[in-house]
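Presented below is the structure to which this report refers.
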Amino acid sequence: MDGKKVMAGNIKLMKKKNIAYFDGELIGTVVHVAVDNQYAGYIVIADEVKPDSAQAIMELKAANIKQTVMLTGDNKNVGSKVAKELGLDKVYAELLPADKVEKLEELFLQKSKKGKLAFVGDGINDAPVLARADIGIAMGGLGSDAAIEAADIVIMTDEPSKIATAIKISKKTLKIASQNTVFAIGIKIIVLILSAFGITTMWAAIFADVGVTIIAVLNAFRALNVKNL
């Protein structure tokens with residue numbers, strides 16, 4: 001650049017070129033810069049934690065999520081600081097995209113047979129992990145196209161707290177579906193038994209068919225009421 005040799009990179013680059021660099025504690029991703037093999041300074045790049053991230057972790061733990069883990073390419077200082085701030089159980093820092101997949105495989109070995117592993121990400125580097133996880137969740141607003149394409153669920157508002165809401169909605173929906181199934185089969189079995197003993201009427205059979213269907217449909221409308229989750 002303008003006849004000068006400019007190098008920009010991490011501490012590995014500075015060490016490789018035998019350039020003395022600032023080695024103090026910095027919060028963020030640090031890019032060291034050298035001009036003509038002389039150290040010129042550093043640039044700190046730091047992501048902002050989403051405002052509702054701490055709330056999201058609290059709600060996930062309240063929803064009986066056993067373990068929350070962060071996989072990040074940032075340095076250990078940043079990872080530890082964010083993990084402590086959000087109340088995460090574990091953090092793995094300074095990971096390349098391939099390292100994230102490797103760590104995910106390790107987490108797969110730790111989970112129970114009935115357990116599910118979900119991964120949340122928004123970058124292009126997260127796409128392989130989103131595809132590998134049992135449940136991939138991407139941020140739809142600022143997320144890359146690759147991440148959105150690989151994910152099973154997309155949070156359109158980029159709010160991590162919506163993950164807990166999605167879990168509550170799915171649990172409520174499954175509960176209602178189970179209620180409808182048990183109710184419908186139960187009523188039909190009762191009517192069949194009564195019919196076998198000749199103590200029922202045609203109206204009971206109609207209720208067991210049409211009536212039960214109407215009640216099940218009306219009960220299913222409860223899934224639309226997300227305010228009472």
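Computed from the coordinates by the stated procedures, all read-outs in this text should not be read as laboratory data. Keep in mind that this is a model prediction, so the values were computed, not measured. Reconstructed Cβ throughout: ideal geometry from the backbone, glycine too, with neighbour counts over all protein chains shown.
Odds and ends about this structure:
- Distance from the C-alpha centroid of segment 63-130 to that of segment 175-229: 44 Å, rounded to the whole angstrom.
- Using C-alpha pairs below 8 Å separated by at least 6 residues, the relative contact order for segment 1-88 is 25 percent.
- Look at the alpha carbon pairs under 8 Å that are at least 6 residues apart: their mean separation over the length of the chain gives a relative contact order of 12 percent.
- 13 Å beta-carbon shell around Ser112, net charge (K/R +1, D/E -1): +4
- Grouping the Cα pair distances of segment 6-45 into 5 Å bins from zero gives a pair-distance distribution of 6, 27, 40, 19, 7, 1 percent in increasing distance order.
- Beta bridge orientation in the chain: antiparallel %, DSSP, nearest 5: 50
- Label selected from (i) 44, 23, 16; (ii) 56, 16, 15; (iii) 30, 26, 14, the criterion being semi-axes √(5λ) of the Cα gyration tensor in Å as computed here: (ii)
- DSSP-loop trypsin sites (Lys or Arg not before Pro) across segment 82-170, with at most 11 other Cβ within 10 angstrom: Lys113, Lys114, Lys116
- Förster-model FRET efficiency, 22 Å R0, Lys76 and Leu13, C-beta, rounded to 0.05: 0.75
- A Förster radius of 41 Å combined with the Cβ-Cβ distance from Lys66 to Ile214 puts the calculated FRET efficiency at roughly 0.55.
- Note on segment 167-228: semi-axes of the ellipsoid equivalent to its C-alpha gyration tensor, largest first and rounded to whole Å, are 30, 11, 5.
- Cα-based helix-to-principal-axis angle, 53-62 vs the chain, degrees rounded to 10: 40
- Sum of -39500 (n - 2.57) over DSSP H runs of 4+, divided by residues of the chain (222 nm, nearest 500): -14000 deg cm²/dmol
- Cα gyration tensor shape of segment 15-141, rounded if a/c is under 1.5, else prolate or oblate by comparing a/b with b/c: prolate
- Applying a threshold of 20 Å to the alpha-carbon distances of Lys61/Lys114; Lys66/Lys113; Lys113/Lys175; Lys50/Lys171 flags Lys113/Lys175; Lys50/Lys171 as lying beyond it.
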